[in-house]
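Peer 1: Dropping a structure here in structure tokens format, bear with me for questions.
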Amino acid sequence: MTREILSKQNCICRVRRRGLLRWETAIALLASAMAFASGCTGTASGGGGGGQKNVAVKISPPSASPVLGAAVNFQANVTGATNTGVTWTVNGVAGGSAQTGTISSSGQYSAPSMLPATTSVTVTATSAADASASDSAGVTITSDIEVQISPLAAGVLPGATQPFTATVTSSGKPAPDVKWSVNEINGGDATNGTIAATGVDAAMFTAPGALPSPPTVNVTATSVADPSKSATASVGIGCTSVNSIAPTSATLTLGQSQDFAAALCVPSGTPVNWDVNGVVGGSAALGSVTNTGAATTTYTAPVDRPATSPLTIHAVADGFSAAATVTIVSNVSISIVPGSGTLVVQQRASFTALVSNSPDESVVWTVQGVTNGNAQVGQVCVTNSNPCVPPAGAGTGTIDYLAPSTVPSQNPVLLTATSNADASRSASAQIKIVGTGGASSDVVVSPANAFLPPSGSAPSQLQFTATVTGTSNTAVTWSVTSGVTGSGCSGTACGTIDSNGLYTAPDAAPSPNAISVTATSMADLSQSASASVSITTGPTIEQILPSSVMAGVASDFTLAVNGAGFVAGRGSGASVILVNGNPLITICDSAAHCTAPLQAQDLGNPGVLTIQIQNPGDPGPLSNPVLFVIVPFTLTETVISLSNSQPESDGNDIVVFEPTTAGSGPSQINVDFAGPITAGPTCNFDSSPITIVRPASGTATSSICIHGNTLDPGFFYQFSGPPAPDISIAPSELAGLFPNTIELDLTISSATLPGVRTLFITTPNNDQAVATALVEVQ
């Protein structure tokens with residue numbers, strides 16, 4: 001038995017041992033080694049050591065705040081190890097849970113659909129190479145749920161019923177259900193009335209047989225996903241209820257509308273008279289009220305800011321009345337183009353005032369505070385009027401400014417446009433007046449003519465350029481107006497253009513379909529040039545489905561083309577789909593949707609096809625071209641077989657082929673949410689997995705609904721499981737709900753294997769989608 005303690009070298013302490021030691025000797029040895037090592041720094045190692053050192057994990061982002069049902073993509077960077085894989089946990093649970101949120105193997109965290117008791121959770125990535133190396137990110141689960149209830153007020157006789165509906169809105173995907181209560185009692189009671197759900201978002205209130213005290217109760221719809229969010233309606237029982245209007249107050253912008261409901265102590269169906277500040281029906285200056293039912297009305301705020309605010313809305317019937325207040329606010333904004341520049345004396349230049357957030361786009365023009373100006377500071381003229389004719393009162397947003405005959409003492413001058421809708425909002429242009437020869441320039445806009453489809457159809461943008469000669473100042477200001485003076489379009493109805501000359505088409509063609517894009521020289525405001533733009537009224541392709549397939553598709557399939565401007569029908573009088581210029585047998589069931597069969601024999605080789613729509617004519621107008629991609633067939637599959645004796649398999653490399661797309665819009669299929677189907681039928685979208693219980697003997701059928709992109713009952717649906725499928729599936733379209741919602745009737749038996757199953761969906765052209773862990777057989 002020997003012992004050897006090596007001296008310190010490279011600041012590493014080593015202890016070697018051979019043979020066997022008595023435990024007393026071993027303790028002494030260990031104490032000596034620890035005393036010797038106390039002066040060392042660096043890494044300690046012993047015989048038989050090895051493995052990876054300094055493995056580190058860094059997770060990004062370090063924190064996130066998703067709303068209910070929303071997803072956050074986390075990434076983990078592993079250094080110090082060749083194996084960069086990680087395992088993901090939420091609050092220490094691999095893959096997370098329905099209560100705290102789930103996380104996929106790729107790091108996509110999905111917030112729960114219902115707000116947990118503790119809204120702060122921890123997402124952790126742990127190195128597969130070194131389990132001691134990990135990093136965490138803090139996740140705060142938030143809710144932006146809003147609940148609305150309708151009607152907001154109602155009068156109900158004792159023992160009568162009143163339906164209510166509730167709407168839950170959110171930017172995420174929370175559970176849509178609500179709980180109903182009466183006077184904060186779930187489901188109500190015999191004293192105050194009861195309420196029972198008749199659907200996910202509907203319920204029926206039944207008034208008590210005797211009047212409660214007080215005779216007004218509150219019906220509340222509370223979000224199941226976030227119990228802090230609710231909406232309440234007031235219900236008056238009998239004719240002793242408090243007369244009221246709901247809502248009791250509102251704040252509206254100019255031209256905005258608000259619905260009001262009156263609960264008066266009058267028999268049901270009694271007409272209610274409405275007024276604004278005592279004026280029956282309201283007025284243009286105060287806003288108007290339009291009856292929408294016996295006890296409901298819609299108030300529309302005036303387009304111009306009223307002299308007084310707030311206003312009072314009255315509901316009157318049979319001597320009973322109630323009142324609500326409305327405050328009118330303005331978010332009007334105004335700008336002038338061009339905003340500045342130079343003019344030679346007695347020259348003219350066109351200016352446009354752009355008014356936003358108001359139905360009234362008229363303005364009042366002043367020069368140096370003088371309405372329509374004068375001969376000393378310059379005059380405001382009706383466009384193209386000669387001699388100058390000043391506008392009469394508030395008028396159009398486009399005018400001519402005529403510079404004075406001599407340079408004014410106040411120079412530059414301010415040309416101001418004041419909104420007629422809100423006199424507190426105005427904008428000014430600064431104009432410098434110079435003598436003859438003080439400015440000279442020439443402007444050319446390119447291209448001079450353009451044809452574009454409406455916004456949303458590619459391409460709906462065009463870059464214009466302006467060339468300015470005769471001056472060193474080549475800057476211009478851009479504006480968009482109707483190509484026909486005094487008609488066509490206003491605001492953004494003609495499209496928009498940024499300061500660099502990038503024009504964006506409007507959503508639809510104006511009438512008449514003539515738009516002017518104008519560049520005005522900043523050096524000489526009297527010099528400008530315009531280009532003409534027309535919005536195409538022919539066919540426009542917005543989306544083709546699918547937009548790509550794999551070469552050698554299994555069978556013929558239907559190509560769908562979505563867009564605008566198609567001619568519905570079939571044959572010579574309707575639109576036709578062209579593939580590389582060759583017409584297909586086409587059916588157009590609307591002006592926005594056409595279909596035609598694509599033959600499998602024509603899609604055997606990889607390549608690109610050009611898809612267009614041609615409307616009737618000789619020749620008929622053609623749409624924009626969209627590419628259809630035929631992808632090389634490279635699909636491979638690896639099956640991982642599992643059993644009760646071997647329920648898991650580790651260390652598998654999984655290769656996923658990303659689908660190829662072309663054109664605009666999605667082409668690949670997917671499943672975005674699912675749930676069980678109950679009586680009605682009602683599709684209860686829920687978090688996966690969906691539980692299916694095996695029968696004790698024989699077979700049983702359970703129905704589920706799935707919603708996704710371009711799903712079709714003609715696709716092939718199969719669950720993971722044994723080689724011989726033990727779940728049979730009968731797909732059908734679930735009418736009356738969301739588009740692309742499919743019903744799957746699942747038949748299972750007592751011999752069906754228990755466990756979590758994944759749904760595989762395959763289209764005739766070999767596109768695939770996978771819904772992981774969709775159901776669990778119990």
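Peer 1: In nm, to one decimal, how far is the modelled label at VAL345 from the one at SER283, with both set 7 Å along Cα→Cβ?
Peer 2: 5.0
Peer 1: Then there's this: Hey, any idea what the orientation-averaged projected area of the convex hull of region 336-478's Cα atoms comes to, in nm²?
Peer 2: Details: hull surface 41.4 nm².
Result: 10.3 nm².
Peer 1: Moving to a separate point now. Hey, any idea what the orientation-averaged projected area of the convex hull of region 302-377's Cα atoms comes to, in nm²?
Peer 2: On the way: hull surface 31.1 nm².
Mean projected area of the Cα convex hull: 7.8 nm².
Peer 1: Another one. How much accessible area per residue does region 573-624 have, in Å², with a 1.4 Å probe?
Peer 2: Numbers: 2580 Å² over 52 residues.
The answer is 50 Å² per residue.
Peer 1: Which one of THR87, ILE313, LEU642 is farthest out on the positive end of the charge dipole of the chain, using unit charges on Cβ (Lys, Arg +1; Asp, Glu -1) and the Cα centre as origin?
Peer 2: Positive-end residue among those listed: THR87.
Peer 1: Then there's this: Could you sort the peptides 107-114, 748-755 by per-residue average Cβ neighbour count (10 Å cutoff), highest mean leading?
Peer 2: Values: 107-114: 21.2, 748-755: 15.1.
Answer by packing, highest mean first, reads 107-114, 748-755.
Peer 1: Using just the Cα positions, wrap region 186-318 in a convex hull and report its mean projected area in square nanometres, one decimal place. Could the numbers behind the result be given before it?
Peer 2: On the way: hull surface 39.3 nm².
Taking the Cα atoms of region 186-318, their convex hull projects to 9.8 nm² on average.
Peer 1: Next up: Mind giving me the FRET efficiency for SER104 and ASN186? R0 is 30 Å, r the Cβ-Cβ distance, nearest 0.05 is fine.
Peer 2: Numbers: r = 36 Å, r/R0 = 1.21.
About 0.25, to the nearest 0.05.
Peer 1: Please give the net charge around VAL549, taking every other residue with its beta carbon less than 13 angstrom from that of VAL549, where Lys and Arg add +1 and Asp and Glu add -1.
Peer 2: Values: positive: none; negative: ASP556, ASP602, ASP767.
Once all neighbours under 13 Å are counted, the net charge is -3.
Peer 1: Hey, another quick one. What distance in nm lies between label points placed 7 Å from Cα along the C-beta direction at THR165 and GLN368?
Peer 2: 6.2
Peer 1: Can you figure out the FRET efficiency of ASN500 with THR747, using R₀ = 45 Å and their beta-carbon distance, to the nearest 0.05? Before the final figure, lay out the partial values.
Peer 2: Working: r = 62 Å, r/R0 = 1.39.
It comes out at approximately 0.10.
Peer 1: Here's another thing I want to ask about it. Please work out how much length the chain gains when fully extended from THR308 to ASN709, using 0.36 nm per residue of separation minus the C-alpha to C-alpha distance, in nm with one decimal. If you can, show how the numbers build up before the last one.
Peer 2: Values: separation 401, 0.36 × 401 = 144.36 nm, distance 5.21 nm.
Taking THR308 through ASN709 to full extension adds about 139.1 nm, to one decimal.
Peer 1: Something else about it: How much area per residue is accessible in region 271-400 when the probe is 1.4 Å and only protein heavy atoms are counted (Å²)? Let's see the in-between values first.
Peer 2: On the way: 5650 Å² over 130 residues.
Ligands and nucleic acids excluded, the result is 43 Å² per residue.
Peer 1: Whose amide H sits under 5 Å from the amide H of ALA70, counting only residues 5 or more places off or on another chain, with H placed in the peptide plane?
Peer 2: Distant-sequence amide H within range of ALA70: ALA111, LYS173.
Peer 1: With N set to the number of residues, divide the alpha-carbon radius of gyration of the chain by 2.2 N^0.38 Å and report two decimals. Before the final figure, lay out each step's value.
Peer 2: Values: Rg = 36.7 Å, N = 778, 2.2 N^0.38 = 27.6 Å.
Normalised Cα radius of gyration, the chain: 1.33.
Peer 1: For the chain, what's the relative contact order in percent, using C-alpha pairs closer than 8 Å and at least 6 residues apart? Provide the component values of the computation, followed by the final result.
Peer 2: Numbers: 1944 pairs, mean separation 43.6, N = 778.
After rounding, I find 6 percent.
Peer 1: Roughly speaking, what is the stretch gain from SER335 to THR469, that is 0.36 nm per residue apart minus the C-alpha to C-alpha distance, in nm to one decimal?
Peer 2: So the extension gain works out to 45.5 nm.
Peer 1: Which value in nm describes the separation of the simple spin-label points at ALA450 and ASN384, placed 7 Å from the Cα toward the beta carbon?
Peer 2: According to this spin-label approximation, the distance is 2.3 nm.
Peer 1: Just to verify a number: FRET efficiency for THR232 and ALA423, C-beta to C-beta distance, R0 = 30 Å, to 0.05? Numbers along the way, then the final one.
Peer 2: Details: r = 39 Å, r/R0 = 1.31.
Once the sixth-power term is evaluated, E becomes 0.15.
Peer 1: Can you find, among SER230, THR396, ILE677, the residue sitting farthest towards the positive end of the charge dipole of the chain, where Lys and Arg contribute +1 and Asp and Glu -1 at Cβ?
Peer 2: Farthest towards the positive pole: SER230.
Peer 1: Determine, for each peptide in 515-525, 347-357, 767-777, the mean count of other beta carbons within 10 angstrom over its residues, then list the peptides with the highest first. Numbers along the way, then the final one.
Peer 2: On the way: 515-525: 24.7, 347-357: 21.0, 767-777: 18.5.
Descending packing order for the listed peptides: 515-525, 347-357, 767-777.
Peer 1: Convert each backbone phi in region 385-391 into a coupling constant with the Karplus relation 6.51 cos²θ - 1.76 cosθ + 1.60 (shift: θ = phi - 60°), then list the ³J(HN,Hα) values in order as whole Hz, x for Gly and Pro.
Peer 2: Running phi through 6.51 cos²θ - 1.76 cosθ + 1.60 with θ = phi - 60° gives 6, 8, x, 4, 10, x, x Hz.
Peer 1: Ok, one more. If you roll a 1.4 angstrom probe over the protein chains with everything in place, what fraction of the accessible area of the chain belongs to carbon and sulfur, to the nearest %?
Peer 2: Values: 20070 of 38500 Å².
Carbon and sulfur together cover 52 percent of it.
Peer 1: Given the chain, what count of lysine pairs have C-alpha atoms under 30 Å apart, with each pair 8 or more places apart or on different chains?
Peer 2: Eligible lysine pairs with Cα atoms under 30 Å apart amount to 4.
Peer 1: Further question on the same structure: How far, in nm, would the chain grow between ASN273 and ALA591 when pulled straight, counting 0.36 nm per residue and subtracting the alpha carbon separation?
Peer 2: On the way: separation 318, 0.36 × 318 = 114.48 nm, distance 4.40 nm.
My answer for the length gained is 110.1 nm.
Peer 1: Calculated from DSSP H runs of 4 or more alone, at -39500 (n - 2.57) each and per residue, what is the 222 nm mean residue ellipticity of the chain, nearest 500? Please list the in-between numbers first.
Peer 2: Values: 1 runs with 15 residues, N = 778.
Computed mean residue ellipticity for the chain: -500 deg cm²/dmol.
Peer 1: On alpha-carbon atoms, Rg over Rh for region 85-156 using Kirkwood Rh? Write down the numbers at each step before the final one.
Peer 2: Working: Rg = 17.9 Å, Rh = 14.1 Å.
Rounded to two decimals, Rg over Rh is 1.27.
Peer 1: Enter the accessible area per residue of region 119-177 (Å², integer; probe 1.4 Å; all protein chains in place). Don't jump to the answer; show the numbers that get you there.
Peer 2: Values: 2580 Å² over 59 residues.
Ligands and nucleic acids excluded, the result is 44 Å² per residue.
Peer 1: How compact and how long is region 516-572, expressed as Rg and Dmax of its alpha-carbon atoms in Å?
Peer 2: Cα-based Rg and Dmax for region 516-572 come out at 22.2, 67 Å.
The values are calculated or read from the model by the stated rules, or taken from the named source; none is laboratory data. Every value quoted in this text rests on a predicted model; they were computed, and no experiment measured them. A quick note on method: Cβ atoms are made from the backbone with ideal geometry, for glycine too, and the neighbour counts reach across all protein chains shown. Areas reflect the complete protein model, heavy atoms only, side chains present, ligands, DNA and RNA absent. Shrake-Rupley method; radii C 1.70, N 1.55, O 1.52, S 1.80 Å.
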